[in-house]
Every structure is written in C-alpha cells, then in structure tokens.
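Engineer: Could you have a look at this structure, given as structure tokens, before my questions?
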Amino acid sequence: MLGTGIIKGLYITAKNFVGTYFNPDERLTTLQYPEEAACIPENYRNFPFLIYDGSDPVEGLRCVACKMCENECPPRCISIVAERDEKGKILKRPRVFELDISVCMGCGICAEVCPFDSIKMDHHFEIATAERFDSLRLNLPQLAKSNEYFRKTHPIDALAVDTKRAEKANKAASKTQSPA
Amino acid sequence: MGKNFLAENLPETTVCSPAEVRPFYDDFHGDLMEISMGPHHPSTHGVFRMDVTLDGEIVVKLKPVFGYLHRNHEKIAEGNSYFAAIPYTDRLDYLCSLTNNWAYVHAVEKLAGITVPERAEYLRIILGELGRLINHVCLVGFLLNDLGTSFTPLLYSLRERERMLDLVEELTGSRMMCNFFRFGGLRTDISADWLARLKGYLEGLFARYLDEQDALLTGNEILLARTQGVGVLSPELAVRAGITGPMLRASGVNYDIRKVDRYSIYERFNFGIPIGAHGDTYDRYMMRMLEMRESVKIILQAIRTVPAGEHINPNAKNRGLRPKAGESYARIEGPKGELGFYLISDGSAKPYRFRIRPPSLINLTVLEEICIGQTLADTVVILGGVDIVLGEVDR
Ligand code: SF4
Ligand code: SF4
C-alpha cells in the first residue's frame, strides 16, 4: 500500500530517537573536547618519539644512531647524524636526530624496525603550531621523552620492552662475569 | 585592405543564419547545455568531475574527468623497498585499507614464495571481511544521502562504521591507515578478547542495524521509484568493459574472485554470493546489503574456528626483502571489485614495476553508457551506486 514505507520509516527513526535516551549502548555521545578527552587505545599511533632511561635525556637516550629507522622510513622524514669524538671516531649516539612531522605519515614502521626499542609511537596529538616549517621539524630535545612517559601511555608494551631489556642486561652482565 | 571587412562590403552569401551558428540537437531546436559537475561537488564523492551535456534534463553525453588526486603512488612504490610500500597501499582506497594491504602482500608473497600460517589466514579473512563491512556501510549511507534521504540513514551508517573503526583502531593503531598486513602474516596477533568483542558487536548492534536499514529503506516506495530501472548496465557490456565486484553481480553475472580463485582459505567457509537480475542501481544497493549479511556469516564462522598458532611466518623476511627476478599478479575480491597488484622484480630490493588494477577506476569507465538517457539528478545516484573512491581511481 502506498505510504506504508513512510509510516515504517517514521516508526524506526522515532524508535532510534527515543531508544537512545534509555539505552546508553545505542548512543554515541559527543565529548566536550578539550574539556573532556577521548580515551585513546594503547595501540594508537601518531608521531614517533625517542625514549631515554633515567633522568638525563642525553646520557640515557637509547638510540645508538644505527640509522635503521632512517633507511626504512617510507617518506624518508628522519635524518640522523651520529656523534663523533675529537678524533673523529663515531660514537654510538646521535648528534642530530630530526623528524619532519609534516612529512611523517605515522605508519609506525620506524618503531617496528628499531632493534633497540628506542623509537616508539606517541599519543600526543595536540601539536598545532602557528608556523609550518621549522616548528614542524622536531629535533632531539623535542623528541626525547622519558621511559616513565612511555610506561604511562603504553603500559602493556612498556612492560614487555622493560622485561626484554632487563633480560638482555642480565645476560650481558653474566657474560662479562664468567671470563673474569 | 581593412575596408573590405566592413559589414556593408561583405557579399550577401557569407552572412550566417542564427540556426547555423548555434548547435542544435536532432530535429528539436532546443539548445544543449554543458554542465561541469565537480571537482568539488558534494555528490561526486571526492575530487571528481563530470562534464555532462544535457538536453533539457536528459543526459546526452557524459565525460568523467579524473586525476585531481593523482599522487604518483606507483612511482613512489618503485622507488622504495617492498616493505615500505605497505603503508602507501592504505592510501589507495582509504575506506578499506585492510583489503588493500591484503592484495599487496598477497602479490609479494606470490612473487617471493612466502607461505602464510593457518591462523594468519583466518585472521586475514576476518579483517578482510570487516573491511568489506566498513566499505559497504559507507556506500549504503552515502548512496541514500545522494538520493536525498537527507542524513538519517547516513548517520545510522556512520554510527556503525564508527563502532567498527574503534575496534580497528584498537587493533592496528589507526582508524583508516591500518598498515597491518605483513609478508607472511600480520603485524601483531589478535587477542581472543578482541575477537569476542567483534563477535558480540556483529551479532548484536550490527545485526540490528542491518534489519533496521532493511525495514527503513529497502522496501521504501521512494527508494524504489528513484533507483529501479535507473542506470541499467547489461551483463554483456559489464563483461566486455571488465566490470567486477558487486556492480558486475548486480547485472546478473555470477563472478566472485573469492569463489573463482579460492585464494586464501575461502573454500572452507560457507557463504553465498548474491546475484542481481536487472543491473540497475537498486540491484547494486541490494548487492551491498546482502553481501554484508554474507560477510557477517564468514566472520562469525572464522571466529568460531580460528586455530591457535603463529600470526606471522617466522621465516618470512619483511625488511630488506629481495625476491628473485620474476613477475606476479595477485588479485583479491575487494569490496569494490577485483583489486590486483602486478609486480615485476629484477632481483633488487625495489620493485622494478609496480602496477595496481583499481576496481573503482575500471567500474567508472561505463559511467557514460549507463547515464545516457537518464536525468541529471539520476547521474548522482548512479555515481553513488558505482561506488568509487578517488584515492584509488587517481592513485
Ligand atoms: S631510533 Fe632505533 S633504529 Fe633509529 S637510529 Fe636510533 S637505534 Fe637505530
Ligand atoms: S612513522 Fe613512518 S613515516 Fe613517520 S618517521 Fe616513522 S617510519 Fe617515517
């Protein structure tokens, strides 16, 4: 019968309209950002950051400037220059570590390939700036964040990394002990 | 010399009558009007332009113009390692990056002879079908929006998509740019808890959404009047033009790569392929609604039977992969049709040739044929039923 479609449709939209008042599972509510923040799942990835252990961002930096992430990054937005001592010998830490987040696509490949668990994906997304060139090129001090921060944002992942690193350190310690 | 061109010096015969200078159509002395729809028209689904020539309200000529979103995808992939091309495939058809990932890793696995563990195949099917659900939910919502059922069905659809994307984000870290498939398996394992939640969602809210959508619109008189007999594509033309996916099946051709190629482990699942009869926009809409129910069936079967084991082949190399020289073409049944990747390897770490067969682009080639004789308002509906994503059309 002509017109039944309209009645049916009105019934369904009315049911949805009323139903969402009583059943919170059915409704999607708008969060009053920035007063309220959405809960971000642990796996969420935005841009990478570098982890340091302890309290000194320079001494504790895990990165050894192996350039694995620089080579694997699909749009090549990481650039690393290794530190050298006075004699020109390459030291195992970066002097320059730059990340151009206007190029980075947040794919997470750098975090995946880093053999030292040094680069990880961040949750921080409020990164708007007034200038679009230099302020989007993050340098070492801007990128370095403490392990505590990582533990807070990625509890499960950080625990796995910490256990792995502790095991490695134990093994290395027992190796240096055994020949002595 | 100049004075010869003055009007009074011209011979009588060179004066044109108005009928000769102005174009006209057939015996009817009305003028044709050319309209450029797009590239920012809201109903062209992206930066896509249609040069439509109208006689009154009837389309007599239609030229699809694309390329506004060309990002040089194939060339970028040829300059990068095999591994680095995976996140770029997310950006082809950005509504369902999971199936794009799958098609690409499938091609590389064929090229390098990498095997995939059993568990990974099951999880891939779950994710691939989830990608199909996300795509079809979007399509149904946007198609109805194009029809002028302003917003309610679209919002219901996007609400469900949001729920699925939340699950996807929790698993892969990103709502749309998943980057989750790896050569030989998946990036991480999927927890039993996640699978249980997906199952609960599909059996609960999503099943209700499908029923609701059917009750709300599938039998609605206005929808029938606006879509039945609109944009009819004959099975002969569909086959000749290389149309694939739900659009081909809506024309009544029984061809689904999941059944034809039996790639992955699809032969272990019990599911049907909906076939249309008329090839019009209504059948295309119905194909999507019915396919969603079949996809739900596949996912539930897969969740029930997924074995324990590895989520990735431990011997598969992702970083620094150098397949031996050769070529491969692998295709899967993407949500929009046959999605294929053609790769040539010269033995180095970069693909020598990287070519994509995008279903959206090829399905778009018949747009003129199915639009001629329809009204301008119908072309919008027809385009909505073809289901294109410009990221994939232009690459
Ligand atoms: S972040 Fe990791 S992969 Fe990149 S240079 Fe440092 S140690 Fe190497
Ligand atoms: S997230 Fe991807 S694009 Fe960004 S720096 Fe890491 S590898 Fe490069």
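The values are calculated or read from the model by the stated rules, or taken from the named source; none is laboratory data. Note that the coordinates shown come from a computational prediction; the quantities given were computed from them, not determined experimentally. Heads up, the Cβs are rebuilt from the backbone with ideal geometry, glycines too, and the neighbour counts pull from every protein chain shown.
Engineer: With the requirement that a residue be within 16 Å of ligand 2 (Cβ to nearest atom) and assigned to a loop (DSSP other than H, G, I, E, B), what does region A:77-97 give you?
Structural biologist: A:Cys77 - this is the single residue of region A:77-97 that is within 16 Å of ligand 2 (Cβ to nearest atom) and assigned to a loop (DSSP other than H, G, I, E, B).
Every residue, every condition in (1) in contact with a Ser or Thr (Cβ under 8 Å, 6 or more places away or on another chain); (2) of a type in the set (S, T, N, Q); (3) outside any strand (DSSP E or B); (4) crowded, with 20+ Cβ neighbours inside 10 Å, yes or no:
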{"residue": "B:Leu133", "(1), (2), (3), (4)": "yes, no, yes, yes"}
{"residue": "B:Leu139", "(1), (2), (3), (4)": "no, no, yes, yes"}
{"residue": "B:Ser150", "(1), (2), (3), (4)": "no, yes, yes, no"}
{"residue": "B:Tyr156", "(1), (2), (3), (4)": "no, no, yes, yes"}
{"residue": "B:Arg159", "(1), (2), (3), (4)": "no, no, yes, no"}
{"residue": "B:Arg163", "(1), (2), (3), (4)": "no, no, yes, no"}
{"residue": "B:Asp166", "(1), (2), (3), (4)": "no, no, yes, no"}
{"residue": "B:Thr188", "(1), (2), (3), (4)": "no, yes, yes, no"}
{"residue": "B:Asp193", "(1), (2), (3), (4)": "no, no, yes, no"}
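Engineer: Sticking with this structure for a sec: Here's a check for you: in region B:68-93, which residue that is hydroxyl-bearing (Ser, Thr, Tyr) and in contact with an Asp or Glu (Cβ under 9 Å, 6 or more places away or on another chain) is nearest to the other protein chains (Cβ to nearest Cβ)?
Structural biologist: Among those residues, the one meeting the criterion is B:Ser81.
Engineer: Quickly run through region A:118-152 and pick out the residues that are over 19 Å from A:Cys107 (Cα atoms) and part of a loop (DSSP other than H, G, I, E, B).
Structural biologist: Correct list: A:Ala128, A:Thr129, A:Ala130, A:Glu131, A:Arg132, A:Phe133, A:Asn139.
A quick yes/no check of all residues on (1) at pLDDT 85 or above; (2) under 20 Å from B:Glu169 (Cα atoms):
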residue: A:Leu99; (1), (2): yes, no
residue: A:Val103; (1), (2): yes, no
residue: A:Gly106; (1), (2): yes, yes
residue: A:Glu112; (1), (2): yes, yes
residue: A:Ser118; (1), (2): yes, no
residue: A:Asp122; (1), (2): yes, yes
residue: A:Glu126; (1), (2): no, yes
residue: A:Ala130; (1), (2): yes, no
residue: A:Phe133; (1), (2): no, no
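Engineer: Could we say that A:Lys92 is in contact (Cβ under 8 Å) with a residue 60 or more places away in the chain and either within 16 Å of ligand 1 (Cβ to nearest atom) or aliphatic (A, V, I, L, M) (or both) here?
Structural biologist: no
Engineer: Related question: Go through region A:53-65 and give me each residue that's hydrophobic (A, V, I, L, M, F, W, C), crowded, with 17+ Cβ neighbours inside 10 Å and more than 14 Å from ligand 2 (Cβ to nearest atom).
Structural biologist: Taking region A:53-65 and keeping what is hydrophobic (A, V, I, L, M, F, W, C), we get A:58, A:61, A:63-65.
Next cut, crowded, with 17+ Cβ neighbours inside 10 Å only: A:61, A:63, A:65.
Across region A:53-65, the qualifying residues are A:Leu61, A:Ala65.
Engineer: Exactly one of these conditions fails for A:Tyr149: (1) within 15 Å of the chain's Cα centre (by Cα); (2) within 16 Å of ligand 2 (Cβ to nearest atom); (3) at pLDDT 85 or above; (4) more than 14 Å from chain B (Cβ to nearest Cβ). Give me its number.
Structural biologist: Here A:Tyr149 clears every test but (2).
Engineer: Continuing with this model, one more query. Any residue at all in region A:155-163 that's out of contact with any strand residue (DSSP E or B) (no Cβ under 8 Å at 6 or more places or on another chain), touching a residue at least 40 places away in the same chain (Cβ under 8 Å), more than 14 Å from chain B (Cβ to nearest Cβ) and away from ligand 1 (no atom under 16 Å from the Cβ)?
Structural biologist: yes
Engineer: Within region A:46-64, is even one residue outside any loop (DSSP other than H, G, I, E, B) and either among the β-branched types (Val, Ile, Thr) or within 11 Å of chain B (Cβ to nearest Cβ) (or both)?
Structural biologist: yes
Engineer: When you go through (1) in contact (Cβ under 8 Å) with a residue 40 or more places away in the chain; (2) of a type in the set (Asp, Glu); (3) in contact with a strand residue (DSSP E or B) (Cβ under 7 Å, 6 or more places away or on another chain); (4) more than 14 Å from ligand 1 (Cβ to nearest atom) one by one for A:Asp100, which number turns out not to apply?
Structural biologist: Result: A:Asp100 fails condition (1) only.
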